[in-house]
1. Would you kindly state the longest site-free stretch of the chain, with sites defined as GluC sites (Glu not before Pro) in a DSSP loop (not H, G, I, E, B) surrounded by at most 15 other Cβ atoms within 10 Å?
2. Compute a Gaussian network model of the chain, connecting alpha carbons closer than 10 Å, and tell me which residue from LEU99, LEU49, LEU23 fluctuates the most.
3. Taking every eigenvalue of the Cα gyration tensor of the chain, multiplying by 5 and rooting it, what semi-axes result, largest first, whole Å?
4. HN-Hα J couplings of segment 90-104 from phi, Karplus 6.51/-1.76/1.60, θ = phi - 60°, integer Hz, Gly and Pro as x?
5. List the residues whose amide H sits under 5 Å from the amide H of VAL73, counting only those 5 or more places along or on another chain, with H placed 1.01 Å from N in the peptide plane.
6. Based on DSSP H runs of at least 4 residues, each adding -39500 (n - 2.57), what is the mean residue ellipticity at 222 nm of the chain after dividing by all its residues, to the nearest 500 deg cm²/dmol?
7. Which whole-Hz ³J(HN,Hα) couplings does segment 41-49 yield from phi under the Karplus relation 6.51 cos²θ - 1.76 cosθ + 1.60, θ = phi - 60°, glycine and proline marked x?
8. For segment 10-22, take each phi angle, set θ = phi - 60°, evaluate the Karplus expression 6.51 cos²θ - 1.76 cosθ + 1.60, and give the result in whole Hz per residue in order, putting x for glycine and proline.
Amino acid sequence: MVNDIDTTLAALADPTRRQVVELLRERPRRAGELASAAAISSPAMSRHLRVLRASGLVEVEEEPADFDARLRVYRLRPEPFVALQAWLDQVQAFWTDQLGAFKAHVERTQKGETNETH
């Protein structure tokens with residue numbers, strides 16, 4: 001799972017790829033439409049889509065055998081995002097526990113100081 005998270009985070013490290021994810025959240029889109037929306041060339045978008053596909057974040061919608069590859073429609077895959085969210089939830093739970101323990105420590109310390117001053 002950690003390797004999958006690493007792959008997901010590496011793919012999302014690029015701002016253009018995050019923009020593609022944002023665009024695909026709205027609806028599936030063709031590569032040319034994504035390139036236009038991101039204001040980059042088609043070859044550059046192809047490279048970004050290749051990374052996103054390799055990471056499993058996006059997939060190409062089913063296409064017939066005689067389909068023109070230039071008209072591929074891309075969409076998000078939910079599984080990598082679910083795994084990323086699960087990992088983030090674990091990290092958040094850790095920090096919630098840590099902050100709760102710190103709060104309890106401060107409250108105990110303050111009670112001790114209050115009792116010592118009376």
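No lab work stands behind these numbers, since they all come straight from the coordinates. Here the structure is a predicted model, which means the values were calculated and not measured. Heads up, the Cβs are rebuilt from the backbone with ideal geometry, glycines too, and the neighbour counts pull from every protein chain shown.
1. Working: sites that count: GLU61, GLU62.
Value returned for the longest uninterrupted segment is 1-60.
2. LEU99
3. Details: eigenvalues 459, 40, 22 Å².
Ellipsoid half-lengths, sorted descending, are 48, 14, 11 Å.
4. Going residue by residue, I get 5, 5, 5, 4, 4, 5, 4, 4, 4, 5, x, 5, 5, 4, 4 Hz, with x marking Gly and Pro.
5. For VAL73, whose amide H was placed from the backbone, the distant partners under 5 Å are GLU61.
6. Working: 5 runs with 84 residues, N = 118.
The per-residue figure over the chain is -24000 deg cm²/dmol.
7. Karplus-based 3J(HN,Hα) across segment 41-49 equals 6, 4, x, 5, 5, 4, 5, 5, 5 Hz.
8. Going residue by residue, I get 4, 5, 7, 5, 8, x, 5, 5, 5, 5, 4, 4, 4 Hz, with x marking Gly and Pro.
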